[in-house]
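Data first, discussion second: the structure below is written as structure tokens.
The values are calculated or read from the model by the stated rules, or taken from the named source; none is laboratory data. Fair warning: this is a prediction, and the values are worked out from it, not measured in the lab. All Cβ positions, even for glycine, are placed from backbone atoms using ideal geometry, and neighbour counts span all protein chains on display. We work out accessible area using only protein heavy atoms, side chains counted, and drop any ligands, DNA or RNA first. Shrake-Rupley method; radii C 1.70, N 1.55, O 1.52, S 1.80 Å.
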Amino acid sequence: FEEVLRRAADQCGERNSRRQEQAKEKEKSLLVKSGGSHMRILYGDIVYAEGFNRKIILHTLKEEIEYYGKITDLEKELGEDFFRPHRSYLIHFKYVVKYDSSTVFLEKGQTLMSKRNYPEFVKGYLRYNRKRGLG
């Protein structure tokens, strides 16, 4: 009985840690200047980012936000929950619906997958899901 109770307590502790980590993630935000005004975008709301000609378009749950910047700088800031499957895209693992070796299908749109990045994408996606307790 004692062993079962100890395992149950450990599992509850792990769940609480995961919830706290997810709550912290929701609070993280990005500050960008778009159209003359400054905007705060929560990391968790970013589905994917698209970069071209020194501009970045953030595709969020509600809108598209365009600003000047470099996709490499954005990639560094957003961290490991995001992946760059192609030089022009940065995706949030959270919104991946399905993928194959050439395309990542997201809840809101799709992006291209560079064949050489495919193995690294699969590893990152599995790490992300393990971290979230999904597999």
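Helix 2-27 sits at what angle to the longest principal axis of the chain, using alpha carbons and giving 0 to 90 degrees rounded to 10?
Helix 2-27 sits at roughly 20 degrees to that axis.
If you compute log10 I(q)/I(0) by the Debye sum over Cα atoms at q = 0.11, 0.16 Å⁻¹ for the structure shown, which of [x] -0.46, -0.84; [y] -0.52, -1.01; [z] -0.67, -1.10 do you land on?
For log10 I(q)/I(0) by the Debye sum over Cα atoms at q = 0.11, 0.16 Å⁻¹, the calculated option is [x].
In deg cm²/dmol, rounded to 500, what helix-only [θ] at 222 nm does the chain give when every DSSP H run of at least 4 residues adds -39500 (n - 2.57) and the total is split over its residues? Please list the in-between numbers first.
Details: 3 runs with 48 residues, N = 135.
Estimated from H runs of four or more residues: -12000 deg cm²/dmol.
Going by accessible area, probe 1.4 Å, with all protein chains left in place, what is the ranking of PHE105, PHE82, PHE1, PHE52, largest first? Present the calculation step by step, with values, prior to reporting the outcome.
Details: PHE105 55, PHE82 15, PHE1 195, PHE52 95 Å².
These residues rank, largest area first, as PHE1, PHE52, PHE105, PHE82.
Where the centre of each part is set by its Cα atoms, how far does the range 56-75 sit from the range 92-112, in angstrom?
What the calculation gives is 17 Å, centre to centre.
Taking the chain as a Gaussian network, Cα atoms linked when under 10 Å apart, which of TYR48, TYR67, TYR89 shows the biggest mean-square fluctuation?
TYR67
Would you mind checking which residues have amide H under 5 Å from THR103's amide H? H placed 1.01 Å from N; only 5 or more apart, or other chain.
MET113
Would you mind checking LYS55/LYS131; LYS55/LYS76; LYS33/LYS115; LYS70/LYS131; LYS28/LYS115 for any pair whose Cα atoms are more than 24 angstrom apart?
Too far apart for the 24 Å limit: LYS55/LYS131; LYS33/LYS115; LYS70/LYS131; LYS28/LYS115.
Could you give the size of the charge dipole of the chain about its Cα centre, using +1 on the Cβ of each K and R and -1 on the Cβ of each D and E, expressed in debye and rounded to the nearest 20?
I would put it at about 200 debye.
Quick one: accessible area per residue over the chain, 1.4 Å probe, rounded to a whole number of Å²?
With all protein chains present, the chain gives 67 Å² per residue.
Give me the number: length gained by fully extending LEU42 to GLU2, i.e. 0.36 nm times residue separation minus the C-alpha to C-alpha distance, one decimal in nm. Numbers along the way, then the final one.
Numbers: separation 40, 0.36 × 40 = 14.40 nm, distance 4.30 nm.
Gain in length upon complete extension: 10.1 nm.
Take the chain, connect every pair of alpha-carbon atoms lying under 10 Å apart with a spring to form a Gaussian network, then pick out the residue of LEU30, LEU78, LEU90 with the largest mean-square fluctuation.
Highest fluctuation of the listed residues: LEU30.
At a probe radius of 1.4 Å, what is the per-residue accessible area of ASP10, in Å² to the nearest 10?
90
With a 1.4 Å probe and all protein chains left in place, how much of the accessible area of the chain comes from carbon and sulfur atoms, in whole percent? Intermediate values should be presented prior to the final figure.
Details: 4400 of 9000 Å².
Answer for the chain is 49 percent, counting heavy atoms of protein chains only.
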